[in-house]
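Here the structure comes first, spelled out in structure tokens, and everything after it is commentary.
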Amino acid sequence: MISFMPSEEQSVMKETLAKLVQNTIKDNAHDMDEKRIIPQEFIAKFRELGTVQSPIPEEYGGFGLAASPIMNTIILEELAAGDMGYAIACTLPSIFINPILECGTDKQKEKYLPALASGECEATLAINEMHFKFDAASPKTTAEKKGGKYILNGEKCYVPLADVAKYFLVAARCENENCLFIVEGGTPGLVIGEREKNLGLNTLSTYKVTFSSCEIPEENKLCGAEGYDRLLQKTRIAMSALGTGVSRASFEYARNYAKERVQFGEPIAHRQAIAFMIAEMAYEVDAMRLMTWKAASALEAGRDAKRESYLAKLYAGEMTMKITDYGVQILGGHGYIREHPVERYYRNGRCIACLEGLAIV
Amino acid sequence: MINLETPDYLKNLTSGIHNLAKTVLRPISRKYDEEEHSYPKELDMFRGMQILGRPKKKKKDDETKQEGDGKPKKGINLSTVAVIEEMCWGDAGLLLSIPNAGLGNAAIAAVATDEQMERFGKMWAAMAITEPGAGSDSGAITTTAVLDGDEWVLNGEKIFVTCADRCDCVVVWATVDKKAGKAGIKSFVVEKGRPGFRLEHLEHKLGIRASDTGTFVLDNCRIPKDNILGSPEVKTGTEGFKGVMKTFDNTRPLVAAMATGIARAAVDYLREKIEESGIKLDYSKNPNNVSSIEKEFYLMEAHLEAMRLLTWRAAWMADNEQFNNTEASMSKAKAGRWATLITQKTCELLGPLGFTRDELPEKWMRDSKIMDIFEGTGQIQHLIVARNILELSSKELK
């Protein structure tokens, strides 16, 4: 039945995460951004909830609960409303786990899932590439099949936590098809570059990763075009959930500020010029969330969400920029100063349209 | 639990209505745009179709429960917005011309007594609120109603009345006590032919020309005492007026649905042209690696989806008896504005095809503009949303 209301379970998750964000990063987000770090215990606090392991079957050490794309959008929005880098870091193993659950062979599941279920290692996705007209739908990184092996060549960027990741999921073209490959950290030919310096997402460490004649065994191919397409759908929905979160944070901060900031003898919220911007922020955040839920609902129903996920990300990319811009604008000069979080939201928000595959549902 | 998949019953319902819109409304869409004010007789088949209001609450227990027990049937608001979107995909002006489905009918159905229902229930009822000096500020109306023996005497001028020519009666807002302010505003049913009640003229409009919009003059117009809807008593405070305004929470999502329907007509037309030209819309490429027309199209489609989802949410909340004042205005603010932008952009992208009256897109551009105006302009919607989320009174945020 159609419903716009979260279930009890969904509400509880949202509240739990709101509290978690409040108790961990809320007052530290500025410092974390300046120091470009997320304290490990903050990530551990989230991981304790077990949402990452939850869809892994019990035989591999997980809880064997059905994956819920909608629940995942709720998680990502709530975390991103605190800090987007934090949201990505917290949920990162899922970006490897979920595709394995969906497309992996029993052997692959057996090999990779137990270590991820126990939380003893990190895994990541290498999809973005640093060149003009980059398109996740046609990666330039290649995989060539040669005598029982695949040889990967290409350069990836914005690979989260590549310095510590034990497993990499890599997007590459192979025989005119988009494919995903599993590369283990330490494989010869896999070179982790310096940590990147980016416009935003400063709390998250991201890296350039080069594959130069990087040889991996044949069985490390995870999937072809179909699985790749599903990955794009799921990551696009996740990106729009992240956009919803950061936009909401900017909206809420600007709303509260406008009620307190007094100019010409009354709060600036009493002026239509400001109030109308805030109204627009409110319904566009809602629209973004509904588009995200709509796409996630299709996945949840076992349907293809190609169109819905594409439109959701496109919308979130546009609207996140608009809303986080409004957030800075409403604060005026103060919005430009780094003590107020709206400038950080503005920088972080830019990634929704620029990048792909930073999280998954 | 959140689930935004379109239920099967809605899919079945809308595909039926879509067929009607396609085979009945589309073929006469241009005709009645050109022949402004002439009655679309083809619409007789829809007479009395429940579109804008639900059956009135019946008092007697022995009345049949399925119809008219006043309780929303399963998802009545949601199915209504879905139906309206389809109909307006066909033609919005024609939807507004469906006999006996006026806003006045909705107002009567909501509050009429059994006896009034008997007298007015079968009539086509228009709604007259706006005056030359009272548009968005509907609390400032100056039309008066004075009780004189067994009759009300009404004086004033009402403009922008939809179905002015075709209707049988008009629900007129008038004040019985100017000093009481908004609390003094009551609504009256004025039948055509009452002495002193005159249809002054019909307007020539930018769009929705199939709909006859007119001006009425009430010059010592006399109507029976029991033509008043609701209680004649003037209560202190503005509760009564707020109650009337609350009906907008139900009608605004309907206008948002109309806007969505017109915008979708434009988007569908554009999609057809794009595909005919050999471009395959595949929803996978980086939107900046495709042609400008494709990217614009994707964006329009995304906004269209946002319009629909905000509308469906507001309707769904009404179905589930949740207070939806903010969400109703959100849906109309978004859909009203973006229907205009989408239809404008469609014409731009179509080039010469977007400027000719041989094709419908130019008409949709004109039709959609009203969606950001009637039932509260986009600015009024923003004001309502802003007051609610900033928790400011109408004095604090003017």
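What to note about this one:
- Centre-to-centre, using Cα atoms only, the stretch A:93-131 and the stretch A:179-220 are separated by 14 Å.
- Farthest towards the positive end of the charge dipole of chain B, among the residues B:N12, B:V267, B:V111, is the Cα of B:V111, using unit charges on the Cβ of Lys, Arg, Asp and Glu.
- When the residues A:Y346, A:Y158, B:Y32 are ordered by accessible surface, computed with a 1.4 Å probe over the protein chains alone, the sequence from largest down reads A:Y346, A:Y158, B:Y32.
- The residues B:Y9, A:Y315, sorted by heavy-atom accessible surface at 1.4 Å with ligands and nucleic acids left out, run B:Y9, A:Y315 from largest to smallest.
- Sparse packing (at most 12 other Cβ atoms within 10 Å of the Cβ) combined with a DSSP loop state is found for none of the GluC sites (Glu not before Pro) in the stretch B:9-38.
- Every pair of different Cα atoms in the stretch A:122-224 enters the Kirkwood calculation, which places the hydrodynamic radius at 13.6 Å.
- The stretch between B:S292 and B:N320 holds 5.9 nm of extra length on full extension. This uses 0.36 nm per residue minus the Cα-Cα distance.
- Spatially proximal lysines relative to B:K332 (Cα-Cα < 17 Å; intrachain offsets below 8 disregarded): B:K246, B:K369
- The stretch B:344-389: proportion of alpha-carbon pairs further apart than 17 angstrom, %: 49 percent
- Once the mean of 1/r is taken over each pair of separate Cα atoms and inverted, the stretch A:193-333 shows a Kirkwood hydrodynamic radius of 17.8 Å.
- Its Kirkwood hydrodynamic radius, worked out from the mean inverse distance over all distinct Cα pairs, puts the protein assembly as shown at 28.3 Å.
- Farthest towards the positive end of the charge dipole of the protein assembly as shown, among the residues A:Y112, B:M45, A:Y150, is the Cα of B:M45, using unit charges on the Cβ of Lys, Arg, Asp and Glu.
- When you work out D = kT/(6 pi eta Rh) for chain B at 25 °C and 0.890 mPa s, using the Kirkwood radius from C-alpha pairs as Rh and the Stokes-Einstein form, the result is 111 µm²/s.
- All-pairs Cα distance distribution in chain A, expressed in whole percent, bin size 20 Å: 31, 57, 12, 1
- Projecting the Cα atoms of A:V285, A:Q233, A:G327 onto the dipole axis of the stretch A:226-354, where Lys and Arg carry +1 and Asp and Glu carry -1 at the beta carbon, places A:Q233 farthest toward the positive end.
- DSSP-defined antiparallel bridges as percent of all bridges, the protein assembly as shown, nearest 5: 85 percent
- Peptide-level mean, for B:327-334, of C-beta atoms on other protein chains within 10 Å: 3
- Built from the Cα atoms of the stretch A:8-117, the convex hull projects on average onto 6.9 nm², one quarter of its surface area.
- Looking at the stretch A:122-224, the DSSP beta bridges with both ends there are about 80 percent antiparallel.
- Within-12-Å neighbourhood charge of B:E375 [Cβ basis; K, R +1; D, E -1]: 0
- Estimated dipole of the stretch A:8-117 in Debye, rounded to 20 [Cβ of Lys and Arg +1, of Asp and Glu -1, Cα centre]: 260 debye
- Rel. contact order, % - alpha carbon contacts under 8 angstrom, at least six apart, chain B: 16 percent
- Förster radius 60 Å - calculated FRET efficiency between B:H201 and A:N176, Cβ distance, rounded to 0.05: 0.30
- Cross-link pairs beyond the 23 Å C-alpha cut-off, checked among B:K285/B:K334; A:K111/A:K140; B:K11/B:K205; A:K19/A:K306; A:K133/B:K280; B:K11/B:K122: B:K285/B:K334; A:K111/A:K140; B:K11/B:K205; A:K19/A:K306; B:K11/B:K122
The values are calculated or read from the model by the stated rules, or taken from the named source; none is laboratory data. From a predicted model like this one, the values you see are computed outputs, not experimental measurements. Neighbour counts are summed over all protein chains in view; Cβ atoms, including those assigned to glycine, are modelled from backbone coordinates with ideal geometry. These accessible areas exclude ligands, DNA and RNA; they are computed on the full protein's heavy atoms, side chains included. Shrake-Rupley method; radii C 1.70, N 1.55, O 1.52, S 1.80 Å.
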